[in-house]
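To start, the structure itself, in structure tokens.
Read-outs: derived from the displayed coordinates by stated rules, not from any lab. As the structure is a prediction and not an experimental result, all values here were calculated from the model. Quick reminder, even Gly has a Cβ in these numbers, built from the backbone with ideal geometry, and neighbours come from all protein chains shown.
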Amino acid sequence: MLGFGCLGEFALGEYEATFTPPPPPPPPPPPTAIGSVQEGYIALLSLQNNMIALLPPQNMIALIRSDTVSRANDLTPAIDAVTEVKTAAFDFGAVLNPGVSITSVLQMTCSVLEGNQDSTPAARLIGAFAIGQSPYSDAPAQAVYQKVGQMVDGTVYRLLCQVQTSDGQQPQAWTHITCKAPN
């Protein structure tokens, strides 16, 4: 063994050598700040085109906070007319007891509350709903997820979800989502 790759001092017969490793490379320079983003906003950056887009905070979760009032918060921001599709969540986690789960969805509806007329509001519910984990309680099967979209500009929609639970309850929740033309 000739001692290659060893750190420190070593001796080979009449030859002595000391090996000192090279210094580590310097740290990379800090990133260049290109500006600040308003709290809660998401920044999308395209380095190739030097473009930045800011997305407003998203709240597509209708959180039910009371077992006596079915009205949940409005979904924000407004959904873009015709093209945009989002997943809305009906979160029952705050009103269901631990261990209680949603066993089925009794009804999921979309209707026009105000604004421009939409002759087929039920068609704004896209695909089948899914029962899943509650963002509020983290418990499984305490929320319902439904894709919505292809809505009519200038319309406020009312979304309603009623569920059956493992302890025999049938709570319902409703929320609003506004549709606007993209700018």
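Toward the positive end of the charge dipole of segment 63-172, with +1 on the Cβ of Lys and Arg and -1 on the Cβ of Asp and Glu, the farthest Cα among Gln117, Gln162, Val148 is that of Gln162.
Within the set of other residues whose C-beta is less than 14 Å from the C-beta of Ala139, count the net charge using Lys and Arg as +1 and Asp and Glu as -1.
Details: positive: none; negative: Asp91, Asp138, Asp167.
Once all neighbours under 14 Å are counted, the net charge is -3.
Each residue of segment 83-93 was assigned a 3J(HN,Hα) from its phi angle through the Karplus expression (A = 6.51, B = -1.76, C = 1.60, θ = phi - 60°), giving 9, 7, 10, 10, 9, 9, 10, 9, 9, 9, x Hz with x at Gly and Pro. Residues of segment 131-172 with an amide N closer than 13 Å to a point placed 7 Å from the Cα of Leu113 along the Cα-to-Cβ direction: 155-161. For Ala139, the residues whose amide H sits under 5 Å from its own are Ser134, ignoring neighbours fewer than 5 places away on the same chain, with H placed 1.01 Å from N. For the pair Lys147 and Ala122 in one chain, pulling the backbone fully straight at 0.36 nm per residue adds 7.8 nm over the alpha carbon distance. In a simple Cβ point-charge model (Lys, Arg +1; Asp, Glu -1; nothing else charged), segment 58-158 has a dipole of about 180 debye relative to its Cα centre.
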